[in-house]
Amino acid sequence: MTEGEVEVNGKTTAATETQELDKKIIKQVEYYFGDFNLPRDKHLQELIKNDDGWITLDEMMKFKRLAALSTNTSVIAESLKKSTNNIVEVHESNEKIRRIPSRPLQPYSDEVKEETVKKTVYCKGFPKDGSCTLDDLLEFFNKYGPCESVLMRHFLDRSNPDGPKQGFKGSVYVIFPTEEKAEEFRELDEVRYKDTLLLRKWQSEYLEEKRKEIEERRARKEARKKEREQNDEEEEEVVRPKGMFIHFSGIPEDSCVTREELKTALGEFGELCAFIDYSKGLQEGFFRFKEPEFNGKVLEKTEGKLKVQDIELTLRKVEGEEEEEQLKKMKEALKNAKFRASSNKKRKMGGGGRGGFGNKRRRN
């Protein structure tokens with residue numbers, strides 16, 4: 001290696017190219033130890049509890065973004081010595097670093113959170129296809145002045161055929177050093193990422209909009225719930241009329257009587273039979289008619305007897321607790337039928353399945 005060259009991750013690089021590397025190393029390490037990240041980074045906070053806040057550069061190599069810049073601890077130490085920001089200092093051994101003691105760490109509190117929100121801008125309009133990386137975003141926003149951090153907003157994509165995967169929403173939070181710097185950026189006439197015009201607003205403004213959306217969704221959900229409860233109450237009133245059930249019995253165990261045969265045996269009353277609660281192989285069951293107080297007419301006409309095949313069935317009124325139980329079963333059956341009809345309607349409208357929108361990703 002000749003004079004004017006340095007080694008970066010095993011490669012010899014011209015000294016004139018190291019200035020840009022120095023800037024990147026300083027920015028990355030000062031981000032780790034800065035006011036924004038350090039109070040939130042539990043791992044780093046555990047490390048600084050030992051050795052009077054010093055962390056070895058070998059330990060820092062476990063931080064992927066720093067290691068991607070250089071794995072040569074000497075290069076990192078020399079780069080950090082060139083910083084004038086008074087955030088990180090290098091030990092005289094060149095083997096470890098720490099946040100300078102004269103800038104004690106401010107604990108993360110509601111006040112700190114509130115101050116951070118004041119200097120944070122929400123930006124939307126970045127590509128969601130994975131082509132936009134954090135490095136791309138940092139380089140992009142640094143053109144508008146230094147920023148403390150860029151937080152990419154992600155979601156869990158459950159539609160991925162290979163299992164849940166993290167996806168980029170196409171929006172970020174940009175934290176500036178001061179509220180004034182954030183205001184300067186937000187007040188620009190326009191900001192474009194490549195050819196796309198970015199939507200910009202204060203994070204507080206965005207969060208308030210989302211809060212209202214959540215409240216409105218909750219209110220709509222509550223309204224739908226109340227409507228369903230009201231419909232159930234109205235349905236309850238509709239199904240309360242009595243005198244719609246007749247019990248029949250006398251079917252032999254080995255008989256093959258069917259519902260169709262039972263309905264046919266009712267003759268002129270078959271058209272008004274709404275449902276027959278019976279399964280082949282049973283010895284008894286129930287007729288349910290469409291009109292209240294209709295069971296009396298049927299029993300009077302049939303004299304309590306009904307012939308099916310060569311079998312004579314015995315008929316009787318259903319009253320009291322037995323009738324209440326049949327009304328309860330009828331109400332549940334009607335509710336289930338209504339639910340199935342609603343589900344089928346949603347599927348036909350594209351609620352799922354091939355060609356529908358069941359796997360649509362969440363949007364902002």
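FYI, it's all coordinate maths here, none of it is from the lab. Note that this is a predicted model, so its numbers are computed, not measured. So basically every Cβ, Gly included, is an ideal-geometry build from the backbone, and we count neighbours across all protein chains shown.
Helical runs (DSSP H, four residues minimum) scored at -39500 (n - 2.57) apiece and divided by the length of the chain put the mean residue ellipticity at 222 nm at -12500 deg cm²/dmol. Projecting label points 7 angstrom from Cα along Cα→Cβ for E325 and T264 puts them 3.1 nm apart.
Normalising by the residue count of segment 8-99, find the relative contact order in percent from Cα pairs under 8 Å and 6+ residues apart. Relative contact order for segment 8-99 comes out at 36 percent. Specify which residue in the list H91, F33, A68 is farthest towards the positive end of the charge dipole of segment 8-99, using unit charges on the beta carbon of Lys, Arg (+1) and Asp, Glu (-1), about the Cα centre. Value: A68.
Checking the cross-link pairs K118/K225; K201/K226; K96/K128; K81/K119; K242/K263 against a 32 Å limit on the alpha carbon distance flags K118/K225; K201/K226; K96/K128 as lying beyond it.
Mean projection of the Cα convex hull over all viewing directions, computed for segment 242-318: 4.3 nm². The aspartates and glutamates within cross-link reach of K42, meaning a Cα-to-Cα straight distance under 12 Å and a gap of 8 or more places when in the same chain, come to none at all. Under 5 Å from the amide H of K201 lie the amide H atoms of Y122, each residue being 5 or more positions distant or on a separate chain, with H modelled from the backbone and absent for Pro and chain starts. Overall, segment 95-246 carries a charge dipole of about 460 debye about its Cα centre when +1 sits on the Cβ of Lys and Arg and -1 on the Cβ of Asp and Glu, all other atoms neutral. Quick note on the chain: its Rg to Rh ratio, both from C-alpha atoms and Rh being the Kirkwood radius, is 1.32. Remark on K242: its backbone amide H falls under 5 Å from those of E293, a criterion applied only to residues 5 or more positions apart or on other chains, H modelled at 1.01 Å from N.
For the chain, the dipole from Cβ point charges (+1 on Lys and Arg, -1 on Asp and Glu) about the Cα centre works out to 980 debye, to the nearest 20. Phi angles across segment 133-143 convert, under the Karplus curve 6.51 cos²θ - 1.76 cosθ + 1.60 with θ = phi - 60°, into 3J(HN,Hα) values of 9, 5, 4, 4, 5, 4, 5, 5, 6, 5, 5 Hz, Gly and Pro given as x.
Over all directions, the projected convex hull of the C-alpha atoms in segment 8-99 averages 5.8 nm² in area. Compared with the dominant principal axis of the Cα atoms in the chain, helix 18-32 is inclined by about 50°. Based on Cα atoms of segment 110-210, Rg over Rh with Rh as the Kirkwood radius reads 0.99. Among 25-33, 181-189, sorting by the average number of other beta carbon atoms lying within 10 angstrom of each residue, highest first, gives 25-33, 181-189.
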